[in-house]
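What follows draws every value from the coordinates through simple rules; no lab data is involved. Computed from a prediction, not measured in an experiment: that's the story for all the values here. So basically every Cβ, Gly included, is an ideal-geometry build from the backbone, and we count neighbours across all protein chains shown.
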Amino acid sequence: MTRLLLSVGIMLPGSLPADTAINIAAMTGRLGFAAVYLTEVPSQDQLERLVHAAAPAQVLVTPPGGTTGVVRVNNPVTVAAARATMDVAGVERPLRVCVPISIGRTMSEAEARAALEPRFEGDRHPRRVGIFGTFEQAQDQVLALARAGADELLLEVPLERDVADVLAQIRALVVGATPQLVDTPLAEGRTAPPQTVFYSPTQSRQ
């Protein structure tokens, strides 16, 4: 049976002002995201406000680095290897891909959003390790991760501008992860995403 990417969570950095975090949490709940992940545990009062704002999305703490079932790079080969290891060991927890994302209606828009986000400097730039490019290119990347065996995306999103628009685009990105799309190869004539490591359009996991 083909595994599908049916779940997506948004990671919120601890440096966000409290009211900004509340507003973003509220948007994730309204848009139907599965969860809001916190990189730091806030005060009890702030945590209660976040839980209320994000509902029905869950509010969780981001898995630590090195945790079984967590991959921090958009590389379907790495994801497939992690899935195989988990399956052999009988690990039943979801396989999560935790990566930064910057997408846009054009490549210029994706680049501009990434350039404005201080967290995306150096090795954590979406072009290097995350999901990056136009909407169509990003969807190809998401579906490649689904084929490789990922269960959930945990995304670091650019927060400097147009957050509502970014979240709406991301939600539309994963809605299409149906069996038909997962099993469909890269469309003829479509430009491959600007990734150092990408995937084979014919790769699938049954």
Task: Rg(Cα) / (2.2 N^0.38 Å) computed for the stretch 1-132, rounded to two decimals - done: 1.13
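Between residue 20 and residue 89, take the C-beta separation as r, use R0 = 35 Å, and let me know the FRET efficiency to the nearest 0.05.
0.30
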TODO: Could you tell me which GluC sites (Glu not before Pro) in the stretch 73-149 are loop residues by DSSP with no more than 11 other beta carbons within 10 angstrom of their beta carbon?
DONE: 92, 121
- [ ] Quote the charge dipole size of the stretch 1-127 about the Cα centre in Debye, to the nearest 20; the model charges only the Cβ of Lys and Arg (+1) and of Asp and Glu (-1).
- [x] 360
Task: 5 angstrom amide H check on residue 59, placed H, neighbours 5+ away - done: 36
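Could you calculate the contour length gain from residue 48 to residue 165, that is, 0.36 nm times the residue separation minus the distance between their Cα atoms, to one decimal place in nm?
Full extension from residue 48 to residue 165 adds 39.5 nm.
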Task: Placed amide H near residue 156: partners under 5 Å, 5+ positions off or other chain - done: 11, 99, 101
